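K.L.:
This is the structure I want to talk about, given as structure tokens.
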Amino acid sequence: MSRSVETGAVVSPVTADDVDLAVRLAVGILRDAPPDGWGGKAGSLEWDCWETVEHLANDLLYYAVQLGPQSPPLDTHVPFALRRKRPDGPAYFVFAERDAGPAGLVQVLEACGALLVAMVRTTPPRVRAHHASGVSDPEGFAAMGVVETLVHTHDVAEGFGLAWTPPSALCSRVLARLFPEAPGGADPWLTLLWATGRAELPGHPRLTTWRWHSTADRPR
């Protein structure tokens, strides 16, 4: 259990169901995005909307595969090779077929999300695997997948001018797990956007650098 940054109350752990919910909500709004705006900038990012969703799919798959080996490495990631399509673009190890269009891209995202859901659901809680922000457990990888999904969907939705507000309870759970020092008292979604450098909070300017705490065995 963790404590909510909003109220200080004990909140439930982040689960595979939370990953499933985040991905389903993201897929729902991305399917409504117009077909001709995918080359436009994704919110405040320097990536376009297509690149951002492709990056998100890679994130979800990356988290899933870290939990895959019988004895996951603790000092480095599972060594999938990464490539960039352009020097300033995101690094990938899987790509969506351009000829499949936005519908195919969203299907890739949905599939990668399903793999993380399955790995979180079936991996024993005692398992630990490498992450650059701290050796983590299945709950930690679930929380990271949820954050990536919520904030990158925000980026893309902003690029398309679409409204996107995920459930407050979901935001509270991932804040408690990954951002325990985030200020309380504000809307959890706005706090999550602040914690990931995408918004201001009253009395707290927008962050220029940020990092979550994925370590599994820190005191809570």
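K.L.:
Test each condition in (1) more than 26 Å from residue 77 (Cβ to Cβ); (2) at pLDDT 95 or above for residue 177 and report the one that comes out false.
P.N.:
(1)
K.L.:
Restricting the first residue to segment 71-91 and requiring it to be within 14 Å of residue 54 (Cα to Cα) and without any contact (Cβ under 8 Å) to a residue 24 or more places away in the chain, which pairs with a second residue that is open to solvent by less than 40 Å² (accessible area, probe 1.4 Å) and hydrophobic (A, V, I, L, M, F, W, C) meet a Cβ separation below 9 Å and a spacing of at least six or different chains?
P.N.:
From residues that are within 14 Å of residue 54 (Cα to Cα) and without any contact (Cβ under 8 Å) to a residue 24 or more places away in the chain, the pairs are 82/91; 82/93; 83/91; 83/93; 84/91.
K.L.:
Now for a separate question. Touching a residue at least 12 places away in the same chain (Cβ under 8 Å), part of a helix (DSSP H, G or I) and closer than 21 Å to residue 166 by Cβ - does that describe any residue in segment 40-48?
P.N.:
no
K.L.:
Here's another thing I want to ask about it. Got a sec? Which of 127, 106, 146, 117 is among the aliphatic types (A, V, I, L, M) and within 15 Å of residue 58 (Cβ to Cβ)? Quick ask: steps written out before the conclusion?
P.N.:
Numbers: 127 fails: within 15 Å of residue 58 (Cβ to Cβ); 146 fails: within 15 Å of residue 58 (Cβ to Cβ); 117 fails: within 15 Å of residue 58 (Cβ to Cβ).
Of the residues listed, the single one that is among the aliphatic types (A, V, I, L, M) and within 15 Å of residue 58 (Cβ to Cβ) is 106.
Results for (1) acidic (Asp, Glu); (2) touching a Gly at 6+ places or on another chain (Cβ under 9 Å), shown as yes or no for each residue.
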site: 132; (1), (2): no, no
site: 148; (1), (2): yes, no
site: 158; (1), (2): yes, yes
site: 163; (1), (2): no, no
site: 168; (1), (2): no, no
site: 174; (1), (2): no, no
site: 179; (1), (2): no, no
site: 183; (1), (2): no, yes
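K.L.:
Just to be sure I understand, how many residues within segment 176-191 are out of contact with any Ser or Thr (no Cβ under 9 Å at 6 or more places or on another chain) and either surrounded by 14 or more Cβ atoms within 10 Å (Cβ to Cβ) or aliphatic (A, V, I, L, M) (or both)?
P.N.:
2
K.L.:
Given the structure, is residue 158 surrounded by fewer than 22 Cβ atoms within 10 Å (Cβ to Cβ) and at pLDDT 95 or above?
P.N.:
On the way: surrounded by fewer than 22 Cβ atoms within 10 Å (Cβ to Cβ): yes; at pLDDT 95 or above: yes.
When the stated conditions are applied, residue 158 passes them.
K.L.:
What single numbered condition from (1) of a type in the set (Asp, Glu); (2) in contact with a helix residue (DSSP H, G or I) (Cβ under 7 Å, 6 or more places away or on another chain); (3) free of Cβ contacts under 8 Å to residues at least 60 places away in the same chain fails to hold for residue 99?
P.N.:
(2)
K.L.:
State whether the residues of segment 75-98 include one that is out of contact with any strand residue (DSSP E or B) (no Cβ under 6 Å at 6 or more places or on another chain), part of a helix (DSSP H, G or I), open to solvent by less than 60 Å² (accessible area, probe 1.4 Å) and within 23 Å of residue 154 (Cα to Cα).
P.N.:
no
The values are calculated or read from the model by the stated rules, or taken from the named source; none is laboratory data. As the structure is a computational prediction, the values presented were derived from the model and not from experiment. Reconstructed Cβ throughout: ideal geometry from the backbone, glycine too, with neighbour counts over all protein chains shown. Each accessible area value is taken on the protein alone, full model and side chains, heavy atoms only, with ligands, DNA and RNA left out. Shrake-Rupley method; radii C 1.70, N 1.55, O 1.52, S 1.80 Å.
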